[in-house]
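Take a look at the structure below.
Just so you know, all these numbers are worked out from the coordinates, no wet-lab data involved. Bear in mind that the values here come from a model prediction, so they are computed numbers and not experimental data. Cβ atoms come from the backbone with ideal geometry, glycine included; neighbour counts cover every protein chain shown.
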Amino acid sequence: MDISSRTQVGASAPGKVIIFGEHFVVYNNEAVVAAINRRCFGRAELTKNFRVQIDSNLEWHNNPYSKQHGTNTNAQANRKLLEPLKSFCRSILKDCAPEMGLQIHIKSELVVGVGLGSSAASCVTLAGILRSVIAGTTSKEISPYDRKWVFENALNGEQMIHNKSSGVDCYVSTYGGLVHFTGLSGTTETAAIENQPLPLFLINTRKSHETSELVSHVRRFSMNRSKYFNELTRDASAVCSNGVRAIAKGSLEDIGRLMTENHKLLREIGVSNKEIEKIIGICFSCGALGAKITGAGGGGCILVLTRPETIPALNAALSGLNLCSEAIEIANKGIIID
């Protein structure tokens, strides 16, 4: 590889929201997932010192646009996220470009630990950078083969962070758009969903969560109450299938109703709490069409389907609760090399 013509590589990848199917998708159930217009950006400088160094603005706190410095909690959380990312990069370089080192700078618009796929977007961004480094190309185009390589390697990286992953976060971050995802084992199928713009609103409860702990909680639930969990899984699959049809029809009322049904199933498996239920109640009192946890739960973000004209009332109702809220859009582009 001739590195003289390419001493820096940049990439970015979007975060995500799950509209239908979180947790159940880990058990090879369906999910509908959307890439969102909030991204992780990475830039790497190629070096010859055989080391991988990463600095970032990633923080395990609950404000997406400000940093807190000098706390042990943030330092420990940063290490918990960045060390697996370094190991992920080192393992690929060792196999494919052992003579290279990288100094990587990550800047993200995605809060860590609130269900927006920050770890997956980081892994996809890094995998895009690594693929460009290994290929030794200056092209910004990503071939289908390279995109598949990015997804598969990013998924390996994410599993170093979360132990068990459905793959859905990395998939939608790599490919973008709105995706109907049906699992990674057996007959894997994903399909892009054509849709009219969805009026989505995101509420950050400002309470971070540990995804692996919540996934473990659901796993215990699935083993201890297997019959009931299987019933809930079937219900979640039906909600997801009906949701795909509702999106295709553009029926906002049906989409919202199904989102709310999905949330009830998540509440049954124990990943909601009183604070989340209070916020969702406020959403409905302000005219929301649907509201649910998006991601692992236990805090994190709440996804709301609401018409734009109801947002001022919703913001007013939420103003005293120390929450962060914003309208979001579906991002059609996944990984971008720059």
So who's got an amide H within less than 5 Å of the one on Gly334, skipping anything under 5 residues away but keeping other chains? H placed 1.01 Å off N, in plane. Gly176
When a/c reaches 1.5 or more, the comparison of a/b and b/c decides; with that in mind, is segment 200-328 rounded, prolate or oblate per its Cα gyration tensor? oblate
What order do you get for 312-324, 141-153 when each peptide is scored by the mean count of other beta carbon atoms within 10 Å, highest first? 141-153, 312-324
For the chain, longest principal axis from Cα atoms; helix 72-96 axis from its Cα atoms; angle between them, nearest 10 degrees, is 50 degrees
On Cα atoms only, tilt of 118-135 relative to the major axis of the chain in degrees: 30 degrees
Sites Lys148 and Lys278 - FRET efficiency at Förster radius 41 Å, r taken between beta-carbons, to 0.05: 0.45
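At a 10 Å Cβ-Cβ cut-off, how would you order Tyr228, Tyr171, fewest neighbours first? Mind showing how you got there, number by number?
Values: Tyr228 13, Tyr171 25.
Least to most surrounded, the residues fall as Tyr228, Tyr171.
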Selection from Cys40, Ile54, Val304 lying farthest towards where the dipole of the chain points positive, charges on Cβ: Ile54
Determine the calculated [θ] at 222 nm for the chain from helices alone, applying -39500 (n - 2.57) to every DSSP H run no shorter than 4 residues and normalising by the residue count; nearest 500 deg cm²/dmol. -14000 deg cm²/dmol
Likely footprinting exposure, Lys274, Lys207, Lys249, fewest C-beta neighbours within 10 Å first: Lys274, Lys249, Lys207
Report the gain in length on full extension from Ser241 to Asn332: 0.36 nm times residue separation, minus Cα-Cα distance, nm rounded to one decimal. 30.6 nm
Name the residue, out of Ser226, Ser56, Ser122, whose mean-square fluctuation peaks in a Gaussian network model built on the chain with Cα pairs under 10 Å. Ser226
Reachable lysines, given that their alpha-carbon falls under 25 Å from the alpha-carbon of Lys278 and they are not under 8 places away in the same chain: Lys16, Lys207, Lys264, Lys292
The exposure ranking of Ser173, Ser108, fewest beta-carbon neighbours within 10 Å first, is Ser108, Ser173
Using a Förster distance of 30 Å, the FRET efficiency for Lys140-Ser87 (Cβ separation, nearest 0.05): 0.60
Dipole of the chain, Cα-centred, from +1 at each Lys and Arg C-beta and -1 at each Asp and Glu C-beta, to the nearest 20 debye? 520 debye
Name the residue farthest towards the positive end of the dipole of the chain from the options Leu102, Gly21, Pro144, assuming +1 on Cβ of Lys and Arg, -1 on Cβ of Asp and Glu, about the Cα centre. Leu102
Using only the Cα atoms of the chain, build the gyration tensor, take square roots of its eigenvalues as a ≥ b ≥ c, and label the shape rounded, prolate or oblate: rounded if a/c is under 1.5, else prolate if a/b is larger than b/c, else oblate. prolate
